[in-house]
Amino acid sequence: MTHAVGFIGLGNMGGPMAANLVRAGHRVSGFDLAPEALRQAADAGVRPAASAADAVAGADLVVTMLPAGRHVLAAYADLLPAARPGTLFVDCSTIDVADARAAHGLALAAGHRAVDAPVSGGVPGATAASLTFMVGAADGDFADVEPVLAAMGRRIVHCGSSGAGQAAKICNNMILGISMIAVSEAFVLGESLGLSHQALFDVASTASGQCWALTTNCPVPGPVPASPANRDYLPGFAAALMAKDLGLAADAAKAAGVPAELGVRAAELFADFAAGQGRGLDFSAIVTTLGGARG
Ligand code: NAD
């Protein structure tokens with residue numbers, strides 16, 4: 001079944017995601033505040049709308065892919081009154097769990113349906129339609145949204161009710177942020193103990209230290225040729241995005257009364273790094289602030 005989709009936010013992620021919906025046969029009407037993003041989406045077959053309200057006027061499903069919770073809530077203020085009653089709103093942005101639940105409540109109060117469906121897989125995953133979607137939705141809404149998400153991703157996980165998708169996303173990225181620091185500290189300590197990067201990698205990658213931060217995104221050059229460390233730490237997954245996601249995790253931990261000491265510390269380290277020497281770099285470059293990566 002194909003849909004009339006309103007797509008709001010056609011940036012690095014939203015642009016290729018909207019293009020994949022077009023490829024799957026959906027009729028996509030899109031809007032972005034940035035004219036260049038709108039033009040590129042039009043080249044991919046998206047109908048460029050004059051405003052956000054115009055993009056959703058004839059839609060039965062609306063996707064938002066915006067920077068942060070405040071953008072989603074502000075956009076919903078325009079979108080909810082403009083959409084037909086019963087429209088299914090799908091927010092794919094990574095935002096605060098509380099903002100996700102607030103957006104969900106606003107959509108329901110306006111007579112619509114809503115799910116949160118943040119993604120992992122980055123721009124390559126958005127382009128190749130191989131994203132993982134983490135979905136917070138009522139059962140019936142999940143059944144309706146799953147085939148649409150399948151046009152943009154490879155793995156679609158129903159995590160629970162409203163907000164559960166965002167919760168899964170920030171918990172996963174908290175594991176990733178902490179584990180990247182752990183792997184980086186281990187390389188720095190190994191160096192100072194006279195251990196080569198390759199020797200530590202050969203042991204830890206097949207032992208209990210094994211993790212994605214080590215075996216896929218290895219923070220030192222050499223052991224994993226495709227990791228950003230081998231190309232001057234060009235992202236990859238930008239330090240700023242990791243800082244944002246860890247900030248959301250730290251806020252959620254605080255609100256829930258959970259200490260999450262390492263998650264909170266990782267959020268501080270990545271916030272400093274992203275605002276300073278990590279600007280524009282992959283998050284794995286944090287190893288260079290720990291005294292490591294001597295090659
Ligand atoms: P981006 O900045 O490239 O795109 C966001 C777009 O939203 C921009 O083009 C901006 O002009 C537009 N926009 C902002 N407010 C708007 C409004 N009111 N109406 C219409 N358009 C508006 O960001 P991105 O990299 O595409 O990320 C989008 C979301 O996906 C973020 O929440 C991010 O955390 C998440 N995410 C990104 C990645 C990644 O690797 N880039 C990976 C996973 C998740």
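The values are calculated or read from the model by the stated rules, or taken from the named source; none is laboratory data. Worth saying up front: this structure is predicted, and the values here are computed from it rather than measured. Glycine gets a Cβ as well: all are built from the backbone with ideal geometry, and neighbour counts include every protein chain shown.
Summary table below
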{"quantity": "Filter result (under 20 Å from the mean Cα position of the chain (by Cα), buried (at least 24 other Cβ atoms within 10 Å of the Cβ) and more than 13 Å from the ligand (Cβ to nearest atom)) within region 20-53", "calculated": "L21"}
{"quantity": "When residues of region 54-72 are limited to those that are under 24 Å from T2 (Cβ atoms), in contact with a strand residue (DSSP E or B) (Cβ under 6 Å, 6 or more places away or on another chain) and part of a helix (DSSP H, G or I), the one nearest to the ligand (Cβ to nearest atom)", "calculated": "A55"}
{"quantity": "Selection count where residues are assigned to a helix (DSSP H, G or I) and either surrounded by fewer than 19 Cβ atoms within 10 Å (Cβ to Cβ) or away from the ligand (no atom under 13 Å from the Cβ) (or both), scope region 225-239", "calculated": "3"}
{"quantity": "Per-region count, region 126-166, residues within 15 Å of the chain's Cα centre (by Cα), among the β-branched types (V, I, T) and in a helix (DSSP H, G or I)", "calculated": "1"}
{"quantity": "A107 being in contact with a Phe, Trp or Tyr (Cβ under 9 Å, 6 or more places away or on another chain) and at pLDDT 95 or above", "calculated": "yes"}
{"quantity": "Extreme residue, farthest from the ligand (Cβ to nearest atom), among residues of region 1-19 that are under 19 Å from V72 (Cβ atoms) and surrounded by fewer than 22 Cβ atoms within 10 Å (Cβ to Cβ)", "calculated": "N12"}
{"quantity": "Lone qualifier among A126, A75, A83 - being farther than 16 Å from D245 by Cβ, within 16 Å of the ligand (Cβ to nearest atom) and touching a Pro at 6+ places or on another chain (Cβ under 8 Å)", "calculated": "A126"}
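The rows are residues; the columns are (1) within 19 Å of the chain's Cα centre (by Cα); (2) without any contact (Cβ under 8 Å) to a residue 12 or more places away in the chain.
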position: L66; (1), (2): yes, no
position: R70; (1), (2): yes, no
position: D96; (1), (2): yes, no
position: R113; (1), (2): no, no
position: P124; (1), (2): yes, yes
